[in-house]
Amino acid sequence: MGHMLAPQVPLAQISAGDTAWMLMATTLVLLMTLPGLALFYAGMVRKKNILGTMAQMLAIAALVSVLWFACGYNLAFGTGNAWIGDWAASWMQAVRFNKVLGTTSVHPLAPSIPEAVFAMFQLSFAVITPALIVGAFAERIRFAALLWFTALWSLCVYAPLAHWVWSPEGWLAQLGALDFAGGTVVHLNAGVAGLVAAWWLKPRLGWGQEALMPANLGYTMIGAALLWVGWMGFNAGSAGAADARAGMAMLATQLAAATGALGWMLAEWTVRRTPTLLGLSSGVVAGLVAVTPASGFVGPGAAAVIGALAGLVCYWGATGMKRLLGVDDSLDVFGVHGMGGLLGAVLTGVLADPRIGGVSGSLQAQLVAAGATIAFSAVATAALLWLVDALIGLRITPDQERQGLDLAQHGERIE
């Protein structure tokens with residue numbers, strides 16, 4: 001039955017230090033979605049869509065949590081084959097703790113912490129990934145359609161890809177692909193899915209003809225700051241322990257966020273003659289995205305380089321490349337997460353230091369992993385969009401769009 005046989009260990013084998021840190025890291029990653037990403041995105045949409053965007057974040061967090069508990073965790077981290085985990089067991093059966101016997105189940109990937117903590121940590125990643133996609137089709141999707149799409153995408157796209165890359169038996173893991181905290185699984189995956197979704201849903205009314213101005217960049221900066229702080233749990237938590245590697249991953253994360261902000265700022269200052277708060281906030285996220293796959297494999301110097309390059313590359317992704325593609329990716333999900341995730345995945349193959357991660361990077365393995373992620377995410381996302389569109393329709397009506405998601409979908413508004 002695969003994962004149902006997760007090893008039971010005496011509670012004395014559990015590390016209090018590792019467990020305390022992983023509980024903290026999990027909380028930090030949840031902070032990235034709620035309220036971090038909610039504020040980051042809500043500030044960039046127009047006033048009439050702020051509450052609708054926030055509602056989407058809250059609903060995704062709740063929906064994915066329940067699905068992860070029901071079967072997502074086992075599909076991703078259960079023992080199965082090279083492609084998918086265990087279909088049979090639910091998390092309810094798999095994750096066990098017995099105070100009377102003094103035992104708990106552990107996952108082989110994190111043997112020093114209770115499995116409940118490992119599963120919760122991975123849940124926080126499963127939550128933020130579909131939430132990231134929301135920015136690509138902001139201001140124009142039906143709430144019911146979003147819920148159906150998120151449920152299907154979480155189980156059919158996120159869980160298999162997490163298994164390929166992070167489960168020891170996954171085919172990309174076997175190939176030697178490195179992804180410390182989600183450059184391919186989270187960011188490149190969400191970025192590609194976002195691009196496909198934005199293209200499928202067609203542009204917002206007035207896109208390209210009128211300025212669709214952000215409602216409150218103050219929210220966006222607070223959101224970016226919460227993402228920056230929460231990302232410490234995202235990357236340093238991926239060490240699975242309170243150890244030196246977690247400390248190095250945290251340092252790498254901080255430096256890349258900083259150089260990402262400065263890189264984007266300099267690019268924008270040079271091209272547009274004005275450094276903006278939105279640019280600084282976007283640069284922070286770009287640096288964080290790109291260092292994610294590398295964070296447990298590189299030293300501080302390499303992390304700073306990755307962040308700086310990400311600031312420049314993602315600035316182009318959100319401006320020049322966006323114009324070339326002609327797709328209304330409302331909040332630049334592909335420009336930042338897609339391009340940043342791809343850059344980070346490739347650079348991990350070049351810059352990985354065996355003294356830090358214990359392994360050397362392979363550029364070939366990274367390119368295969370990135371290519372497989374792009375192809376699988378694009379095709380599977382398109383299939384799910386087609387399905388949901390055919391069954392219930394994805395897009396709100398033009399009248400609803402003019403009214404705004406807040407009133408049209410939720411009967412609420414900011415006065």
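Okay, here's what the table says:
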| item | result |
| --- | --- |
| Single match in Val336, Val359, Val346 (criterion: outside any helix (DSSP H, G or I) and in contact (Cβ under 8 Å) with a residue 24 or more places away in the chain) | Val359 |
| Residues satisfying the stated conditions in segment 181-205, i.e. under 15 Å from Val165 (Cβ atoms) and part of a loop (DSSP other than H, G, I, E, B) | Ala181, Gly182 |
| Residue match in segment 159-170 (condition: part of a helix (DSSP H, G or I), more than 17 Å from Val379 (Cβ to Cβ) and free of Cβ contacts under 8 Å to residues at least 60 places away in the same chain) | no |
| Filtered residue count, segment 282-313, keeping only those that are surrounded by 24 or more Cβ atoms within 10 Å (Cβ to Cβ) and either at positive phi or not in a helix (DSSP H, G or I) (or both) | 7 |
| Segment 116-145, subset farther than 18 Å from Leu37 by Cα and part of a helix (DSSP H, G or I), residue most open to solvent (accessible area, probe 1.4 Å) | Met120 |
| Some residue of segment 301-314 being closer than 19 Å to Ala136 by Cα and at pLDDT 95 or above | yes |
| Every residue from segment 196-212 that is open to solvent by 70 Å² or more (accessible area, probe 1.4 Å) and closer than 15 Å to Gln400 by Cβ | Lys202 |
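Residue by residue, here is whether (1) of a type in the set (A, V, I, L, M, F, W, C); (2) out of contact with any helix residue (DSSP H, G or I) (no Cβ under 8 Å at 6 or more places or on another chain) holds:
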{"position": "Ala119", "(1), (2)": "yes, no"}
{"position": "Pro160", "(1), (2)": "no, no"}
{"position": "Gln174", "(1), (2)": "no, yes"}
{"position": "Leu188", "(1), (2)": "yes, no"}
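Residue-wise test of (1) closer than 19 Å to Pro108 by Cα; (2) touching a residue at least 12 places away in the same chain (Cβ under 8 Å); (3) in contact with a Gly (Cβ under 8 Å, 6 or more places away or on another chain).
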site	(1), (2), (3)
Pro10	yes, yes, yes
Ser15	yes, yes, no
Met22	yes, yes, yes
Leu31	no, yes, yes
Gly36	no, yes, yes
Ala42	no, yes, yes
Phe69	yes, yes, no
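The values are calculated or read from the model by the stated rules, or taken from the named source; none is laboratory data. As the structure is a prediction and not an experimental result, all values here were calculated from the model. Positions of Cβ are generated from backbone atoms using ideal geometry, with glycine treated the same way; all protein chains shown enter the neighbour counts. Side chains are part of the model used for accessible areas, which takes the heavy atoms of the whole protein and leaves out ligands, DNA and RNA. Shrake-Rupley method; radii C 1.70, N 1.55, O 1.52, S 1.80 Å.
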